[in-house]
Structure formats: structure tokens, C-alpha cells
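*Asks:* Can you keep this structure in mind? I'll have questions shortly.
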Amino acid sequence: MHALQDYLLDQYDRQGLLIEANPTSNVYIARLQGYHEHPIFRWSPPDESVLQAGGEHNRHGLRRGPMRVLVNTDDPGIMPTTLRTEYALLREAAIDLGISRTVAETWLERLRELGVDQFLRNHQPVFTRR
């Protein structure tokens, strides 16, 4: 199963696709034991050395690197969270996984910058001046 997932992740990356993660929603819906089990740590790990061929998240050597991942929130009427909370929960989960605070924060900043970049590229202004 992991070989198929790795193959698909590589194909998605080659096509320039991004994965949208909604951590709180994903934890509730997938019934994960906690945020430390979220697949974002496999898709785009804070420590990319685990993606080396034969590494923890690239056992079959099919992946060339991390997927680009956007962190978002899901339906606010159902999932009581904010984007700030999602990042804080991922930070704590990374630290729980043994990632240093500085590496976790650098990783999350990269994800945040990608999210802002994608937002600015793909959203039209709501109000325009005439």
C-alpha cells in the first residue's frame, strides 16, 4: 500500500498538484489517535531526510521529495478551530514526534508561506476600485 501511495504522491508532485490538509477535520474523520499520526508528516515531513530512498517515508525509493501541502481549516460550524490553532497543533505534534522546536517552526513557516502564495495567486479581490 505504501508503494502505491508513494508512486501516486510522486505523480501528483510531478503534475504540480498540492494537497490540502485540514488537520483537525482529518483527525476527527480519520479517527487518528492524535495529530502526530496525521499524514502531513509523511507527505511533507519537517525533516526531509526521511524521504531519502529507503528512508522512513520512502521505503521503496519512489518519491523525489516532499509534496507541497497547504494547511487549512474545515467547516467552522462543525470543526471548532482556526488556522492559528491548526499550526499550533501541528507544531506540538512535530515536537511530540521528536522534531526540534526550531525545525518544526521552520517547517510550518514554509507551509504557511506556500499557503499565502497560493491564496494570492488564486483569489480575486472581493472589492475592486473603479
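*Asks:* Measuring from centroid to centroid over Cα atoms, what is the spacing of the range 111-129 and the range 1-77 in Å?
*Replies:* Distance between centres, Cα-based: 23 Å.
*Asks:* Further, regarding this structure: Quick check: pseudo-label points 7 Å beyond the Cα along Cα→Cβ at D75 and L18, how many nm apart are they?
*Replies:* 2.4 nm
*Asks:* Could you work out, for the range 1-68, what percent of all Cα-Cα pairs fall into each 10 Å distance bin, beginning at 0 Å and stopping at the bin that holds the largest distance?
*Replies:* Spelled out per bin, shortest first, that is 22, 49, 28, 1.
*Asks:* Stretch D10-R59 to full length: gain in nm at 0.36 nm per residue minus the Cα-Cα span?
*Replies:* Once the chain is fully extended between D10 and R59, it gains 16.3 nm.
*Asks:* Here's something else I'd like to know. With only Lys, Arg, Asp and Glu charged, each at its Cβ (+1 for the first two, -1 for the last two), find how big the charge dipole of the chain is about the Cα centre; round to the nearest 20 debye.
*Replies:* Once rounded to the nearest 20, the dipole reads 440 debye.
*Asks:* Choose one of L90, T128, N58: the residue whose Cα lies farthest towards the positive end of the charge dipole of the chain (beta-carbon charges +1 Lys, Arg; -1 Asp, Glu; about the Cα centre).
*Replies:* Going by the charge dipole, the pick is T128.
*Asks:* If you don't mind, another one. Give, as a single signed number, the net charge of other residues whose beta carbon lies under 9 Å from the beta carbon of N72, with Lys and Arg counted +1 and Asp and Glu -1.
*Replies:* -3
*Asks:* Using the basic label-point model (7 angstrom from Cα toward the beta carbon), what is the E48 to T128 distance in nanometres?
*Replies:* With each label placed 7 Å out from Cα toward Cβ, I get 3.8 nm.
*Asks:* Would you look at the GNM of the chain, springs on alpha carbons closer than 10 Å, and say which of V116, V69, V103 moves the most?
*Replies:* V116
*Asks:* For the pair L120 and L32, what calculated FRET efficiency results from E = 1/(1 + (r/R0)^6), where r is the Cβ-Cβ distance and R0 = 25 Å, to the nearest 0.05?
*Replies:* Details: r = 31 Å, r/R0 = 1.24.
Efficiency computed from Cβ-Cβ geometry: 0.20.
*Asks:* Calculate the radius of gyration of the Cα atoms of the chain to one decimal place, then report Dmax, the largest Cα-Cα distance, as a whole number, both in Å.
*Replies:* Both quantities, over Cα of the chain: 15.7, 57 Å.
*Asks:* Can you order the peptides 48-58, 88-98 by their average number of other Cβ atoms within 10 Å per residue, highest first?
*Replies:* Numbers: 48-58: 14.8, 88-98: 16.7.
The peptides rank, most packed first, as 88-98, 48-58.
No lab work stands behind these numbers, since they all come straight from the coordinates. Because the structure is predicted, anything quoted here is derived from the model rather than measured. Glycine gets a Cβ as well: all are built from the backbone with ideal geometry, and neighbour counts include every protein chain shown.
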